[in-house]
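Only the coordinates and a few stated rules stand behind these numbers; no lab work does. Everything numeric here is computed off the predicted structure, so don't read it as measured data. Cβ coordinates were reconstructed from backbone atoms using ideal geometry, including for glycine residues, and neighbour counts include every protein chain displayed.
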Amino acid sequence: MIEILSEKVITALMLGGVLVLVMTGFPIAFVIASVALIMGFLLFGGDITYHILYSRMYSMTLSYPFLAVPLFTFMGVILQMTGIIDELYTVLYDSMSGFRGGLAIVTIIFGTILAACLGVITASVSMLTMIALAPMVTRGYDKSIASGSVVAAGTLGILIPPSIMLVVYAPQAGISIGQMFMGAFLPGLFLSACYCTYVGIRCYLNPKLGPAVSEDQKSMLPFGAKMIRLLKALLPPLGIILSVLGTIFLGIAPPTEAAAMGSLAAVLLAIAYRKMTWDIAKRAALETLRVSALVLLIAGICYAYVGVFMSAGCGNVVFDIIMSVPGGKWASFLVIMVILFILGMFIEWIGIVFIMVPIVSPIIVALGFDPLWAGLMICINLQMAFQTPPMAMSIFVCKGTAPPELGVTMEDIIKGVVPFIIIIALSLIIFSIFPQFITFLPSLM
Amino acid sequence: MIFLRKILKGIDTMSKYAGLSARWLTWLLVLVGAYETILRHWFNAPTVWAYDTLCMAGGAVYIMGWSYCYLIDSHVRVDLFYTRLSEKNKAIMDIISSLIFFFPLMIVLVWISSKWAVKAWRIDEIMIATYWYPPAAPFRTVFALGSLLLLLQGVARFIRDLYFVTRGEHLD
């Protein structure tokens, strides 16, 4: 029966099978692996399929670049649990709360700095919600503006390096992780600047959205004390950012080692600030184990799935379909982006990156695009999908972490997020016209 | 029933301790990773053992974490529809899905990974990524063990779901 199935049917069965069957709500790793196992069994027989499954999972668990996943997670978890970067928020708050919309801008700036220290969106969104949402809402900020800023700025965490998504993306597409990190920097900062501008303009025009905080609510410290406080608050995030991105940018170490240095820096800073406890040492290790175990299980399994998919000739089918889109290479690229965006709305990024990137990357190269630029366009696009309703990881995390007494509803968050989504979409167009935004920093390395 | 409950508790305990003990390897990753980086770049004295040690320690973290993640139910699900189901319907879905997606897959994985582990011990297989040439058998054994633990945790979940659906109450 195997010969009867054409490659197109196999492609449809494999991709469609995964899409439909993950809706059962069963852990996606097992669903994806079973689709690969069954199709492989029918096409190549048991021995070959089992071998693909085992050898690919085995080699993924021994992968050196992917060690950056546990290491960056470790660093983020230590920072989150010890709270040594939280102080920066208070300092920023004091300096900016006197302006209209100042707190929302502070939230975005703080979120951007958080993003440069953490690598997983769930971490940065939940941390930002816990620290920044209540001060805004209790000071009379519009709930939509407040929660929208939190979600948009928190989601930057997966784009601005160090980001686990970039770590995972780069090897799949044959790009260096370091270059990808550097390429993500300017677009991330650009988005952050656009968010600030947007919030600033809206609150300036309509002060009800984000009223200025009156002087008496601010702390009255002398200038010198304030500066010392600022320095003390800035040291942890700067230390982390320098130890990680500095090592990568200066070419001292590949990301895996930079992540180890970053983790060490986080631990040393936590000890210096007297926040490191035995309990945190245990919990941080367990949380790191949990996150990296689930990421790497999906990674290994998708690697096996793609192995079966490619051996069955399905890669060529997708290739032909996308290449035959009328309207030239930009139309083909748009189709890829739209498909990934829709997938990103429904499925967690881990699955998308591991399945789609190996399939899509050769097409992007054949279309004549720079793989680094296209990779970052895709990551920015996915980043947008994570905050697009109805299914949006970031929104769910924000809603889930928000203290109930604030009364922030799902509608508030969705209403607040839409303008930010439009900003990201416009930015994607800008990055297409001026690819230098993405390619400039990597070209310096 | 008491016997069954004890067995399930035993499986839970194994998964839990797999996670609780393997977590210390994350500290090893940090310390060895930083040590190697500092030695290589500032003292120009890289070690021969760090690369393989890091890879194997990382691998052990993931593999030992698999069953732990399943114990605390944190493997990623697409819960678009799943969250809207009642507790009982969730259990029914999981029972059906386990039969189709979990058991055949995991039995294959446990079988083939054990086969490779046995083979690696028998032929003294070595890893060839670096000049250190460590034996591959211990890591292959860890892989087989982790897969077995994951399978057992799946069995435990399955029995609990089945009990809940048929008896209308939780087994424990």
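Worth pointing out:
- Positive-end residue of A:G83, A:C194, B:W132, charge dipole of the protein assembly as shown with Cβ unit charges: A:G83
- Reducing region A:110-189 and region A:270-333 to their Cα centroids gives an inter-centroid distance of 18 Å.
- Prolate/oblate/rounded call for region B:24-105, Cα gyration tensor, a/c under 1.5 rounded: prolate
- Scaling the Cα radius of gyration of region A:270-410 by the globular reference 2.2 N^0.38 Å produces a ratio of 1.37.
- Span per principal axis, largest first, for the Cα atoms of chain B (Å): 65, 36, 31
- Helix-only mean residue ellipticity at 222 nm for chain A, each DSSP H run of n ≥ 4 adding -39500 (n - 2.57), per residue, nearest 500: -24500 deg cm²/dmol
- Think of chain A as having a plus end and a minus end, set by charges on the Cβ of Lys, Arg, Asp and Glu; of A:V325, A:V267, A:F99, A:F99 sits farthest toward the positive end of this dipole.
- When you restrict to C-alpha pairs under 8 Å that are six or more residues apart and normalise by the size of chain A, the relative contact order lands at 27 percent.
- Reported to the nearest whole Å, the Cα centre-to-centre distance from region B:43-96 to region A:5-66 is 17.
- Residues A:T73, A:T401, sorted so that the one with the fewest Cβ neighbours within 10 Å comes first: A:T401, A:T73
- Nearby aspartates and glutamates by direct alpha-carbon distance to B:K6 (threshold 15 angstrom, same-chain neighbours under 8 apart not counted): B:D172
- Whether region A:130-200 is rounded, prolate or oblate, judged on the alpha carbon gyration tensor where a/c under 1.5 counts as rounded: prolate
- Cα convex hull volume per residue for region A:80-163 (Å³): 75 Å³
- Taking B:F102, A:F249 and counting other C-beta atoms within 10 Å, the order from fewest to most: A:F249, B:F102
- Prolate/oblate/rounded label for region A:307-387 (Cα gyration tensor, a/c 1.5): oblate
- The alpha carbons of region A:1-94 occupy a box of 71, 29, 21 Å along the principal axes, longest dimension given first.
- All-pairs Cα distance distribution in region A:194-300, expressed in whole percent, bin size 5 Å: 2, 9, 10, 11, 13, 15, 13, 12, 10, 4, 1, 0
- Using C-alpha pairs below 8 Å separated by at least 6 residues, the relative contact order for region A:234-360 is 20 percent.
- Spread of Cα-to-Cα distances over 20 Å intervals beginning at zero, given as percent, for the protein assembly as shown: 19, 53, 26, 2, 0
- Expected-Rg normalisation [2.2 N^0.38 Å, Cα atoms] applied to region A:381-435: 1.32
- The aspartates and glutamates whose alpha-carbon is closer than 13 Å to the alpha-carbon of A:K232, local same-chain residues fewer than 8 away aside, are A:D86, A:E87.
- Think of each Lys and Arg Cβ as +1 and each Asp and Glu Cβ as -1; about the Cα centre, that makes the dipole of region A:186-322 roughly 620 debye.
- In terms of its Cα atoms, region A:98-218 spans 53, 25, 22 Å along the principal axes, sorted from long to short.
- The C-alpha radius of gyration of region A:46-92, expressed as a fraction of 2.2 N^0.38 Å, stands at 2.03.
- Per residue, the average separation of C-alpha pairs within less than 8 Å and at least 6 apart gives chain B a relative contact order of 30 percent.
- 11 Å tail of the calculated P(r), region B:130-172, as % of Cα pairs: 70 percent
- Check: region A:287-409 dipole with +1 on Lys, Arg Cβ and -1 on Asp, Glu Cβ, in debye: 60 debye
- Mean projection of the Cα convex hull over all viewing directions, computed for region A:357-416: 5.4 nm².
- Here region A:346-445 has an Rg and Dmax of 16.6, 54 Å, counting Cα atoms alone.
- Among A:V291, B:V155, A:V199, a tally of other beta-carbon atoms within 10 Å of each Cβ gives an order, fewest to most, of B:V155, A:V291, A:V199.
- Placing +1 on each Lys and Arg Cβ and -1 on each Asp and Glu Cβ, with no other charges, gives chain A a dipole about its Cα centre of roughly 800 debye.
- Between helix A:68-82 and chain A: long-axis angle, C-alpha atoms, 0 to 90°, nearest 10: 30 degrees
- P(r), alpha carbons of region A:140-272 - 5 Å bins starting at zero, rounded %: 2, 9, 13, 14, 15, 16, 13, 9, 6, 2, 0, 0
- Cross-link partners of A:K143 among lysines, defined as those whose alpha carbon lies under 17 angstrom from its own and excluding same-chain residues fewer than eight positions apart: A:K208, A:K399, A:K415.
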